[in-house]
Amino acid sequence: MSTITALDVLDVRFPTSRDLDGSDAMNPDPDYSAAYLRLRTDAPDEGTSLVFTIGRGNDVQSAAIAALAPLLVGRDAEAVLADLGGIHRELTHDSQLRWLGPDKGVMSMAIGAVVNALWDLRARREGRPLWLTLAELDPEELLDLVDLRYLEDALTREEALEILRRGAEGKHERIAALREHGVPAYTTTPGWLGYSDEKLTRLLHEARDEGFGMVKLKVGADAADDERRLRIAREVMGPGFPIAVDANQRWGTAEAIEAIRALAPHDLFWIEEPTSPDDVLSHAAIREAVRPVRIATGEQGASRVLFKQLLQADAIDVLQADATRVAGISENIAILLLAAKFGVPVCPHAGGVGLCEMVQHLAFLDAVAIAGDDPRRRIEFVDHLHEHFEVPVRIEHGAYMPPEEPGGGARMHAASVADHLFPHGPVWARAEDAPMEQIALHTRIAEGHEADYDREHARIPDELDASLRAAGVHGWRIWRDGRDLFHLVEVEDYRAMRRRLAEDPANQRWQEHINQFLEVVDDYGGDDGGIRPVWSLPADGPGTGAA
């Protein structure tokens, strides 16, 4: 016998905003982060999981997970692991914690972290990967994990059991096929909004060469940019190649319909998150208006109830389950069952810290024991941060191959966790303590445009601030003497800043706009392009007070 002894929660953050990895229309400067849970026992062994966030708020999510410790610590681990459906219901039905949702938000994700960590512990004790631990359960055992409350009008217990019994037929043959062929992936790696056209083109070629059968681009920040980037993608990938787009909730209903219709000539495979993730009726209206373009959503879907409504309303063509957004494995099984009942393919959301490693287990379970063979099924893939995990995803010929190592996939290398602890881990400490360069620059307002410059410079867009911070700028002050403008830039690395800003669409748009009022153009076009620094020296060096 063993006892649960602790829930250790760590705030782990990766500074992905510095290179604009993960940037999209709603999230221009994400720092991919994990509220990282180690559920310890006195055996000694532990279960691991995480909740994905994008930086600020990761401490809030970590605190929510830690708040569940009194409900777990001291309990018999074997008894808990033998009734994981029961512990899911106990945690989600706790009346005082439920008030913070119910069944949604930070507290629900915290419960998901605990449930997923318990499943990781169980799979490790059984010596099997999580997908196989789940797939080997009998239909009745799988169904006992699911809370069917609020679902009966769309999915009865009898219907759910019938789906699982059908899934059990031929299950072992599908497991063998999965091990041989995997599940097709699609890649979002080329598509981040912060990437230049040159980088987009290069990554598209690489995606095709690596065997991916579909790519996805982020859209929604600027209509002209969206059209240009899609035109590039279609030229590179050729006619008929599946290209999806993702607006990350940027639009209202009418705006979404107009934008999708404008992009439809590029043969969109689907449009993802066109509007608020909670607006079922808007998704239904958009889907009806833009057929045959498919509508996909789900990465921010908070509960099984929302997915039930999306399916009942015929609002989506593709359901994008997420490993950490809902309250754990039990809730995700409910969502998989709903999708199977309505005949909608599940193409899981991934790409953040550990999401690829975790969500693949849900897709493999769906493929072998719930929905079965479905050529529409694909798993999102983004090629970064996998090196931090003990069992990184394995992609072969554009397909996810199932892991055979025990566990649920969330466990990181101890050194990666230690390096990226926020705010005092070495990665963040270096960022805070690194000496700044001070660069003095000189530009001049074009004659007769002083008022134009003052007016436009007074309304610098918020997205430019994110661009500058992502490029390592810590301060940018401007003095004016008549038409002469003197800049003092405090930056981690001036040359790196220029390269990053050269690839940033928000900065490009601003420079093109403001440069029409300047005689000296600062285009950040490369190490030797644009204006030259007047002088530079370390921020703490001699003479800095002269500025």
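The values are calculated or read from the model by the stated rules, or taken from the named source; none is laboratory data. These numbers were taken from a predicted model, which means no experiment stands behind them. For neighbour counting, all protein chains shown are included, and Cβ atoms are generated from backbone atoms with ideal geometry for every residue, glycine included. Just the protein is used for accessible areas: all its heavy atoms, side chains included, with ligands, DNA and RNA removed. Shrake-Rupley method; radii C 1.70, N 1.55, O 1.52, S 1.80 Å.
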Report summary line: Just one listed residue, out of ALA254, ALA244, ALA185, is among the small types (Gly, Ala, Ser) and part of a helix (DSSP H, G or I), and it is ALA254
**Report entry** Every residue from the range 253-281 that is among the charged types (D, E, K, R) and open to solvent by 40 Å² or more (accessible area, probe 1.4 Å)
**Finding:** GLU255, GLU258, ARG261, ASP267, ASP278, ASP279
Query - Any chance GLY343 is among the small types (Gly, Ala, Ser), in contact with a helix residue (DSSP H, G or I) (Cβ under 6 Å, 6 or more places away or on another chain) and open to solvent by 10 Å² or more (accessible area, probe 1.4 Å) - result: no
Report summary line: Those residues of the range 282-304 which are surrounded by fewer than 19 Cβ atoms within 10 Å (Cβ to Cβ) and either closer than 27 Å to ARG98 by Cβ or without any contact (Cβ under 8 Å) to a residue 24 or more places away in the chain (or both) amount to GLU288, ARG291, PRO292, GLN300
Query raised in the report: Restricting attention to the range 305-319, does a residue exist that is in contact (Cβ under 8 Å) with a residue 12 or more places away in the chain, touching a strand residue (DSSP E or B) at 6+ places or on another chain (Cβ under 6 Å) and among the aromatic types (Phe, Trp, Tyr)?
Result: no
Query raised in the report: Pick from ALA66, ALA82: which is farther than 30 Å from TRP428 by Cβ, of a type in the set (A, V, I, L, M) and either open to solvent by 10 Å² or more (accessible area, probe 1.4 Å) or over 28 Å from the mean Cα position of the chain (by Cα) (or both)?
Result: ALA82
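This table checks each residue for (1) aliphatic (A, V, I, L, M); (2) in a strand (DSSP E or B); (3) modelled with pLDDT of 70 or more; (4) within 32 Å of the chain's Cα centre (by Cα).
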position: HIS442; (1), (2), (3), (4): no, yes, yes, no
position: ALA451; (1), (2), (3), (4): yes, no, yes, no
position: ARG480; (1), (2), (3), (4): no, yes, yes, no
position: LEU488; (1), (2), (3), (4): yes, yes, yes, no
position: MET497; (1), (2), (3), (4): yes, no, yes, yes
position: GLN508; (1), (2), (3), (4): no, no, yes, yes
position: GLN511; (1), (2), (3), (4): no, no, yes, yes
position: GLN516; (1), (2), (3), (4): no, no, yes, no
position: PRO542; (1), (2), (3), (4): no, no, no, no
Report summary line: Residue count, the range 346-374, condition within 23 Å of LEU143 (Cβ to Cβ), acidic (Asp, Glu) and either open to solvent by less than 10 Å² (accessible area, probe 1.4 Å) or in contact (Cβ under 8 Å) with a residue 60 or more places away in the chain (or both), comes to 2
Query - Exclusive hit being acidic (Asp, Glu), within 22 Å of the chain's Cα centre (by Cα) and within 25 Å of GLY372 (Cα to Cα), set ASP103, ASP138, ASP59, ASP120 - result: ASP120
Query - Count - residues of the range 227-241 that are in contact (Cβ under 8 Å) with a residue 24 or more places away in the chain and in a helix (DSSP H, G or I) - result: 10
Report summary line: Of the residues in the range 467-494, those that are open to solvent by less than 40 Å² (accessible area, probe 1.4 Å), among the hydrophobic types (A, V, I, L, M, F, W, C), farther than 18 Å from GLU512 by Cβ and touching a helix residue (DSSP H, G or I) at 6+ places or on another chain (Cβ under 9 Å) number 4
**Report entry** Yes/no for VAL183 being under 30 Å from ASN27 (Cα atoms), within 29 Å of the chain's Cα centre (by Cα), at pLDDT 95 or above and open to solvent by 20 Å² or more (accessible area, probe 1.4 Å)
**Finding:** no
Report summary line: In the set ARG394, ARG455, ARG377, the lone residue that is open to solvent by 30 Å² or more (accessible area, probe 1.4 Å) and out of contact with any Gly (no Cβ under 9 Å at 6 or more places or on another chain) is ARG455
Report summary line: Output for Cβ contacts, cut-off 8 Å, separation at least six or different chains, first residue aromatic (Phe, Trp, Tyr) in the range 511-524, second part of a loop (DSSP other than H, G, I, E, B) and at pLDDT below 85, reads TYR524/GLY530
Query raised in the report: Somewhere in the range 164-174, is a residue closer than 30 Å to LEU132 by Cβ, surrounded by 14 or more Cβ atoms within 10 Å (Cβ to Cβ) and under 21 Å from the mean Cα position of the chain (by Cα)?
Result: no
**Report entry** Checking GLN309 against (1) over 22 Å from LEU164 (Cα atoms); (2) touching a helix residue (DSSP H, G or I) at 6+ places or on another chain (Cβ under 6 Å); (3) open to solvent by 30 Å² or more (accessible area, probe 1.4 Å), the condition it does not meet
**Finding:** (1)
Report task. Among the numbered conditions (1) under 19 Å from HIS349 (Cα atoms); (2) touching a residue at least 40 places away in the same chain (Cβ under 8 Å); (3) surrounded by fewer than 24 Cβ atoms within 10 Å (Cβ to Cβ); (4) not aliphatic (A, V, I, L, M), tell me where ASP31 comes up short. Result -> (2)
Query raised in the report: Looking at (1) over 25 Å from the mean Cα position of the chain (by Cα); (2) at pLDDT below 85, which is the only condition PRO461 fails?
Result: (1)
Query raised in the report: Is it true that some residue in the range 416-431 is crowded, with 24+ Cβ neighbours inside 10 Å and among the hydrophobic types (A, V, I, L, M, F, W, C)?
Result: no
Query - the range 105-116 residues that are among the aromatic types (Phe, Trp, Tyr), paired with ones that are crowded, with 24+ Cβ neighbours inside 10 Å (beta carbon under 8 Å, 6 or more apart) - result: none
Query raised in the report: For the range 49-63, what are the residues that are open to solvent by 60 Å² or more (accessible area, probe 1.4 Å) and not aliphatic (A, V, I, L, M)?
Result: ARG56, ASP59
Report task. Have a look at ASP42, ASP8 and point out the one that is in contact with a Lys or Arg (Cβ under 6 Å, 6 or more places away or on another chain) and under 19 Å from ASP120 (Cβ atoms). Result -> ASP8
